[in-house]
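Asker: Attaching a single structure in structure tokens format; questions to follow.
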Amino acid sequence: MSSLSVKHLLGIKYLNADDIELIFKTADSFKEVINRPIKRVPTLRDTTIVNLFFENSTRTRISFELAEKRLSADIVNFSASSSSVSKGETLIDTVNNILAMKVDMVVMRHPAPGAGVFLSKHIEASIVNAGDGTHEHPTQALLDAFSIREKLGGLKGKKICIVGDIRHSRVALSNIFCLKKMGAEVMLVGPPTLMPTYIESLGVKVEYNLKRALEWCDVANVLRIQLERQDIKYFPSLREYALYFGINKPLLDSLKKEIVIMHPGPINRGVEITSEVADSNHSIILDQVENGLAIRMAVLYLLSGRKEN
């Protein structure tokens, strides 16, 4: 298989295992590119990509922008707060105006779940979902799974624990879809108030005791507490959350084995994870950042349909 089965990357649930494996193999090649002295390739020369961000972003936006530059694409950056959206312009009008400028691809982050799917039915350009509300964040799941594959040599049969704010996390849902498709076992752990009621129907285990979960897993992917998405209090205090669901060095030292620690960022240090753990040899957090660049280069290249020069 040399091309994706989809025209857009709207969510992991629309990909199959062959698509994911192809993205990983392509990312392997691009990882070599970004670690050599001349980091740019002419692969997407004369391709115009618009970064359409209706929500704040630092890591994802910079990663996509750098991936596009490494591929020699022409880039248009769009921020909703300084655009006609703030004057009431609709999503379709905004995008159609941008497409009238002959844009080939759209990388979009939007607060509404399904915004990318909606848009894909109305425009011709390929769309990459850079996060839609609490729904999906496919490139984050791909880079997380790619990082596990790199560290442990594969995904099949590996035990992955996702810790924290499952209810509000688009990263959790995309990770579940991705890891399950690649043959991994998934367990979710967090306060009952932050665990969606339907979640076990996705074929995952649910645990409310952090130590038991860590004793089970090979990898713990620790999620940020998303206070900005919480309209009510789901736990008494950050201090109490850290006490029961925060990962610290004494807890890791008490396990009978070493596990890998991941975090999609940004980290609330001292809440879901301590600095001592985030900066330890257990952690592959900075590897995730580097792998995110390679994964996003792979996705953009594969969706463009171009062949390498």
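Every number here is computed from the coordinates shown, using simple stated rules; none is lab data. Keep in mind that this is a model prediction, so the values were computed, not measured. Every residue, glycine as well, gets a Cβ built from its backbone with ideal geometry; the counts of neighbours run over all protein chains shown.
Asker: Using the structure shown, select from K13/K158; K31/K158; K31/K211; K181/K205; K39/K156 the pairs with a Cα to Cα distance greater than 26 angstrom.
Answerer: Violating the 26 Å limit, Cα to Cα: K31/K211; K39/K156.
Asker: Ignoring the sites themselves, what is the longest stretch of the chain with no trypsin sites (Lys or Arg not before Pro) in a DSSP loop and at most 14 other beta-carbon atoms within 10 Å?
Answerer: After excluding every exposed loop site, the longest remaining stretch is 157-232.
Asker: Exposed loop GluC sites (Glu not before Pro) only (DSSP loop, at most 11 other Cβ atoms within 10 Å): please give the longest stretch of the chain free of them, not including the sites.
Answerer: 125-257
Asker: So how much slack lies between S5 and E258, counting 0.36 nm per residue of separation and subtracting their Cα-Cα distance, in nm?
Answerer: 87.3 nm
Asker: Identify which of N129, N97, N221 has the largest mean-square fluctuation in a Gaussian network model of the chain, with springs joining Cα atoms closer than 10 Å.
Answerer: Among N129, N97, N221, the largest GNM mean-square fluctuation belongs to N97.
Asker: Starting from the 7 Å offset along Cα-to-Cβ, what nm value, one decimal, do you get for the label separation of K69 and D93?
Answerer: Those two pseudo-labels are separated by 3.4 nm.
Asker: Now for a separate question. Going by the alpha-carbon gyration tensor, a ≥ b ≥ c the square roots of its eigenvalues, is segment 1-71 rounded (a/c under 1.5) or, if a/c is not under 1.5, prolate (a/b greater than b/c) versus oblate?
Answerer: The shape class here is oblate.
Asker: In whole Å, how far is the Cα centre of segment 116-189 from that of segment 34-52?
Answerer: 24 Å
Asker: Among the aspartates and glutamates, which have Cα under 18 Å from the Cα of K256 when same-chain residues fewer than 8 positions away are ignored?
Answerer: E215, D218
Asker: Based on the alpha-carbon gyration tensor of segment 141-279 and its eigenvalue square roots a ≥ b ≥ c, which shape applies: rounded if a/c is under 1.5, prolate if not and a/b is larger than b/c, or oblate?
Answerer: oblate
Asker: Let me ask something additional. Based on DSSP H runs of at least 4 residues, each adding -39500 (n - 2.57), what is the mean residue ellipticity at 222 nm of the chain after dividing by all its residues, to the nearest 500 deg cm²/dmol?
Answerer: Here the helix-only value at 222 nm equals -11000 deg cm²/dmol.
Asker: Give me the one-decimal Kirkwood hydrodynamic radius in Å for segment 163-222, with the sum taken over alpha-carbon pairs.
Answerer: For segment 163-222, the Kirkwood estimate is 11.6 Å.
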